[in-house]
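Undergrad: Structure incoming, see below.
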Amino acid sequence: MAQKQGKKYLAAAKQVEARSYSVSEAVGLAQKIKFTKFNETVEVHMRLGVDPKHADQMVRGTVVLPNGLGKSKKVLVIASGEKVREAIEKIIKENWLDYDAVIATPDMMRSMARLGKVLGPRGLMPNPKTGTVTTDVATAVNEVKAGKVEFRVDKTGVVHAPVGKIQFETTKLVENAESLISAVLRAKPSAAKGKYVKSATLCSTMGPGISIDVSELSSKLAIAV
């Protein structure tokens, strides 16, 4: 079975030319060379010219994708009330992680300090910078369910983020991918030196990476890459 999948992957990879594609070209190609039966997630990966070890070069932010992610999201809200202690104990003792996002009101952050070791490594710890620590809980929940995506450069200088499903309409997937890329471009730290976007690729869960050219988007935003 593994050998058969390998052949399909190689056949798909052969259709990807050794050049950079526009976002719309890359999305169209990814959909054309799809070889699995399930509705794969499409992701964008951007290697940035920053050193995340330095706080002033950290790249982090959120973007609400115009066409969502193609799946419903479970949101855990932690606000004041008699069930708070029960919820926190459940997360710690049972490693309860049956949700996609956590939103908390500012007054609860001290109580949630104990959850850092559980939620932090999974990217679920609420943070004011990503809008998940707020008094406007209703808006925050709606944004997450509408397709809000958090991105953060990892220790190797790469941003990984989903932008939808392979079976989306091409135009909708292109809009999502361009929204994510534009958000990463806008998040360029002033301390970043040299080339900001070293490379960018788009791929489906099982498909080969397709190099994408972000210069057109950066020109529209007047951001040097």
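The values are calculated or read from the model by the stated rules, or taken from the named source; none is laboratory data. Fair warning: this is a prediction, and the values are worked out from it, not measured in the lab. Virtual Cβ from ideal backbone geometry, glycine too; neighbours counted across all protein chains shown.
Undergrad: Do we find that residue 102 is in a strand (DSSP E or B) and surrounded by 12 or more Cβ atoms within 10 Å (Cβ to Cβ) in this structure? Don't jump to the end; show me each part of the working.
TA: On the way: in a strand (DSSP E or B): yes; surrounded by 12 or more Cβ atoms within 10 Å (Cβ to Cβ): yes.
Yes, satisfied.
Undergrad: Here is a further query. Do we have any residue at all in region 98-117 that's of a type in the set (Phe, Trp, Tyr), out of contact with any strand residue (DSSP E or B) (no Cβ under 7 Å at 6 or more places or on another chain) and more than 14 Å from residue 80 (Cα to Cα)? Don't jump to the end; show me each part of the working.
TA: Taking region 98-117 and keeping what is of a type in the set (Phe, Trp, Tyr), we get 99.
Cutting the leftovers down to out of contact with any strand residue (DSSP E or B) (no Cβ under 7 Å at 6 or more places or on another chain) gives us none.
The answer is no, given that none of the residues of region 98-117 is of a type in the set (Phe, Trp, Tyr), out of contact with any strand residue (DSSP E or B) (no Cβ under 7 Å at 6 or more places or on another chain) and more than 14 Å from residue 80 (Cα to Cα).
Undergrad: If a residue must be of a type in the set (S, T, N, Q), part of a loop (DSSP other than H, G, I, E, B) and in contact with a strand residue (DSSP E or B) (Cβ under 7 Å, 6 or more places away or on another chain), how many such residues does region 32-88 contain? If you could, list the steps in order and put the result at the bottom.
TA: Start the filter on region 32-88 by keeping residues that are of a type in the set (S, T, N, Q), which leaves 36, 39, 41, 57, 62, 67, 72, 80.
Now narrow it down to the ones that are part of a loop (DSSP other than H, G, I, E, B): 36, 39, 67, 72, 80.
This time we only want the ones that are in contact with a strand residue (DSSP E or B) (Cβ under 7 Å, 6 or more places away or on another chain), so: 39, 67.
Number satisfying all stated conditions: 2.
Undergrad: Now for a separate question. Taking the stated definitions as given, is residue 79 touching a residue at least 40 places away in the same chain (Cβ under 8 Å) and not assigned by TED's automatic domain parsing to the domain that holds residue 189?
TA: Details: touching a residue at least 40 places away in the same chain (Cβ under 8 Å): yes; not assigned by TED's automatic domain parsing to the domain that holds residue 189: yes.
Taking the combined requirement at face value, the residue satisfies it.
Undergrad: With the requirement that a residue be of a type in the set (Ser, Thr, Tyr) and either in contact with a Gly (Cβ under 8 Å, 6 or more places away or on another chain) or under 19 Å from residue 73 (Cα atoms) (or both), what does region 96-134 give you? Please lay out each step first, then the result.
TA: Taking region 96-134 as the starting set, the residues that turn out to be of a type in the set (Ser, Thr, Tyr) are 99, 105, 111, 130, 132, 134.
Within region 96-134, 99, 130, 132, 134 qualify.
Undergrad: What is the one condition in (1) more than 15 Å from the chain's Cα centre (by Cα); (2) assigned by TED's automatic domain parsing to the domain that holds residue 62; (3) β-branched (Val, Ile, Thr); (4) closer than 19 Å to residue 66 by Cα that residue 156 does not satisfy?
TA: Result: residue 156 passes all but (4).
Undergrad: Determine which single condition residue 146 fails, assuming it passes every other condition in (1) buried (at least 18 other Cβ atoms within 10 Å of the Cβ); (2) under 25 Å from residue 203 (Cα atoms); (3) aliphatic (A, V, I, L, M).
TA: Of (1) buried (at least 18 other Cβ atoms within 10 Å of the Cβ); (2) under 25 Å from residue 203 (Cα atoms); (3) aliphatic (A, V, I, L, M), only one is false for residue 146: (1).
Undergrad: With of a type in the set (A, V, I, L, M, F, W, C), surrounded by 20 or more Cβ atoms within 10 Å (Cβ to Cβ) and assigned by TED's automatic domain parsing to the domain that holds residue 80 as the only criterion, which of 200, 140 stands out?
TA: Working: 200 fails: assigned by TED's automatic domain parsing to the domain that holds residue 80.
Just a single option satisfies the conditions, and that option is 140.
Undergrad: When the residues of region 13-31 are filtered to those that are in a helix (DSSP H, G or I) and touching a helix residue (DSSP H, G or I) at 6+ places or on another chain (Cβ under 9 Å), which remaining residue is surrounded by the most Cβ atoms within 10 Å (Cβ to Cβ)?
TA: In the first step, residues of region 13-31 are kept if they are in a helix (DSSP H, G or I); the result is 13, 23-31.
Still in the list and also touching a helix residue (DSSP H, G or I) at 6+ places or on another chain (Cβ under 9 Å): 23-24, 26-28, 30-31.
Details: 23: 25, 24: 16, 26: 26, 27: 29, 28: 16, 30: 25, 31: 18.
If we take residues in region 13-31 being in a helix (DSSP H, G or I) and touching a helix residue (DSSP H, G or I) at 6+ places or on another chain (Cβ under 9 Å), then 27 is surrounded by the most Cβ atoms within 10 Å (Cβ to Cβ).
Undergrad: Something else: In the set 117, 90, which member is exposed (fewer than 12 other Cβ atoms within 10 Å of the Cβ), free of Cβ contacts under 8 Å to residues at least 24 places away in the same chain and not polar (S, T, N, Q)? Even if it seems obvious, please write down each step before you answer.
TA: Numbers: 90 fails: exposed (fewer than 12 other Cβ atoms within 10 Å of the Cβ).
Criteria check complete, one pass: 117.
Undergrad: To continue, here is another question. Are there any pairs, at least 6 apart or on different chains, whose C-beta atoms fall under 7 Å, with the first in region 180-209 and under 30 Å from residue 8 (Cβ atoms) and the second of a type in the set (Lys, Arg) and in a strand (DSSP E or B), and if so, which?
TA: Close Cβ pairs satisfying both conditions: 198/47; 199/47.
Undergrad: If you don't mind, another one. Going by the structure shown, is residue 175 at pLDDT 90 or above, out of contact with any Ser or Thr (no Cβ under 6 Å at 6 or more places or on another chain), assigned to a helix (DSSP H, G or I) and charged (D, E, K, R)?
TA: Numbers: at pLDDT 90 or above: yes; out of contact with any Ser or Thr (no Cβ under 6 Å at 6 or more places or on another chain): yes; assigned to a helix (DSSP H, G or I): yes; charged (D, E, K, R): yes.
Yes, satisfied.
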